[in-house]
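> Let me begin by handing over the structure; questions about it come next.
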Amino acid sequence: MDKKPVTNIDVSYNVAMITLGNLPDDINLISEIFEVLSDEGINIDMVSKPAPLKGTVSMSFTLPTDDMVKAITLLNDYKKKKKGNFLVEVDAYNSKISVYGEEMKYTPGVATRVFKVLAREKIDVKVITTSAVDISCLIFERNIDDAVNSIKKEFSLE
């Protein structure tokens with residue numbers, strides 16, 4: 001009998017996303033920004049950083065909504081101190097759905113199936129992060145029940 005590629009779904013509620021735009025592609029700067037946040041007890045979860053374009057990059061990360069105002073204040077203070085020209089954008093009212101399974105690393109097409117299910121349900125995906133054994137998607141909080149039910153059905157988890 002084939003082993004199931006997806007064995008668990010986890011949901012995190014009250015997730016905010018902050019996007020830093022026009023950020024110099026400098027890992028020292030990026031590490032300083034995360035240090036400013038972590039030094040104040042803010043836990044960062046999903047991080048998405050695409051390849052740079054002409055020396056700049058946009059980077060998004062998630063954090064608990066309860067920490068959003070504190071994070072924005074810290075980022076704006078850091079920006080003033082460093083005379084930075086990057087943008088700080090905020091997106092609240094999200095949830096994260098994570099799909100897990102040890103067999104995912106041996107099973108092609110799991111991400112395809114997850115994305116097709118979300119597309120069929122017309123669920124917008126804001127950020128995706130993956131590892132060999134999980135796929136996490138940030139979506140609007142209002143869509144979380146539909147996403148969970150559809151993915152459970154797709155992977156026979158009910």
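> What number goes with the only condition from (1) assigned to a helix (DSSP H, G or I); (2) touching a residue at least 60 places away in the same chain (Cβ under 8 Å); (3) not basic (Lys, Arg) that Glu32 does not pass?
(2)
> With the requirement that a residue be of a type outside the set (Lys, Arg), at pLDDT below 95 and either surrounded by 16 or more Cβ atoms within 10 Å (Cβ to Cβ) or not in a strand (DSSP E or B) (or both), what does region 1-23 give you?
Met1, Asp2, Leu23
> Let me ask you something else. Please work out if Ser48 is free of Cβ contacts under 8 Å to residues at least 24 places away in the same chain and among the hydroxyl-bearing types (Ser, Thr, Tyr).
Details: free of Cβ contacts under 8 Å to residues at least 24 places away in the same chain: no; among the hydroxyl-bearing types (Ser, Thr, Tyr): yes.
No; evaluated as a whole, the condition is false for this residue.
> Tell me, please, whether a residue that is of a type outside the set (D, E, K, R), touching an Asp or Glu at 6+ places or on another chain (Cβ under 8 Å), assigned by TED's automatic domain parsing to the domain that holds Asp26 and touching a residue at least 12 places away in the same chain (Cβ under 8 Å) can be found in region 78-88.
First pass over region 78-88, keeping only residues of a type outside the set (D, E, K, R): 78, 84-88.
Now drop any that are not touching an Asp or Glu at 6+ places or on another chain (Cβ under 8 Å), which leaves 78.
Still in the running and assigned by TED's automatic domain parsing to the domain that holds Asp26: 78.
Filter once more, keeping what is touching a residue at least 12 places away in the same chain (Cβ under 8 Å): 78.
Checked region 78-88: at least one residue is of a type outside the set (D, E, K, R), touching an Asp or Glu at 6+ places or on another chain (Cβ under 8 Å), assigned by TED's automatic domain parsing to the domain that holds Asp26 and touching a residue at least 12 places away in the same chain (Cβ under 8 Å).
> Out of the residues in region 35-63 that are of a type outside the set (Ser, Thr, Tyr) and in a strand (DSSP E or B), state the one that is farthest from Val88 (Cα to Cα).
Looking only at region 35-63, we keep the residues that are of a type outside the set (Ser, Thr, Tyr), and these are 35-37, 39-47, 49-55, 57, 59, 61, 63.
From the residues that got through so far, the ones that are in a strand (DSSP E or B) too are 47, 53, 57, 59, 61, 63.
Values: Val47: 15, Leu53: 18, Val57: 13, Met59: 10, Phe61: 11, Leu63: 14 Å.
That would be Leu53.
> Further, regarding this structure: Which residues, taken from region 69-86, are touching a strand residue (DSSP E or B) at 6+ places or on another chain (Cβ under 9 Å), surrounded by fewer than 18 Cβ atoms within 10 Å (Cβ to Cβ) and more than 28 Å from Ile135 (Cα to Cα)?
Asn76, Lys79, Asn85
> Being free of Cβ contacts under 8 Å to residues at least 40 places away in the same chain and touching a helix residue (DSSP H, G or I) at 6+ places or on another chain (Cβ under 7 Å) is the filter; apply it to region 99-119 and report the residue that is surrounded by the most Cβ atoms within 10 Å (Cβ to Cβ).
Leu118
> Just for region 144-155: of the residues that are of a type outside the set (Val, Ile, Thr) and either closer than 14 Å to Thr107 by Cβ or under 16 Å from the mean Cα position of the chain (by Cα) (or both), which one is surrounded by the most Cβ atoms within 10 Å (Cβ to Cβ)?
Taking region 144-155 as the starting set, the residues that turn out to be of a type outside the set (Val, Ile, Thr) are 145-147, 149-150, 152-155.
Checking which are either closer than 14 Å to Thr107 by Cβ or under 16 Å from the mean Cα position of the chain (by Cα) (or both) leaves us with 147, 154-155.
Numbers: Ala147: 23, Glu154: 17, Phe155: 20.
Ranking the qualifying residues of region 144-155, first place goes to Ala147.
> Return the residues of region 124-143 that are within 27 Å of Lys3 (Cβ to Cβ) and either surrounded by fewer than 16 Cβ atoms within 10 Å (Cβ to Cβ) or in contact with a Phe, Trp or Tyr (Cβ under 9 Å, 6 or more places away or on another chain) (or both); say none if nothing qualifies.
Residues of region 124-143 that are within 27 Å of Lys3 (Cβ to Cβ), as a first pass: 125, 128-137.
Answer for region 124-143, where residues must be within 27 Å of Lys3 (Cβ to Cβ) and either surrounded by fewer than 16 Cβ atoms within 10 Å (Cβ to Cβ) or in contact with a Phe, Trp or Tyr (Cβ under 9 Å, 6 or more places away or on another chain) (or both): Val125, Ile128, Thr130, Ser131, Ala132, Val133, Asp134, Ile135, Cys137.
The values are calculated or read from the model by the stated rules, or taken from the named source; none is laboratory data. Just so we're clear, the structure is a prediction, and the values are computed from it rather than from any experiment. All Cβ positions, glycine included, derive from the backbone under ideal geometry; neighbour counts span all protein chains shown.
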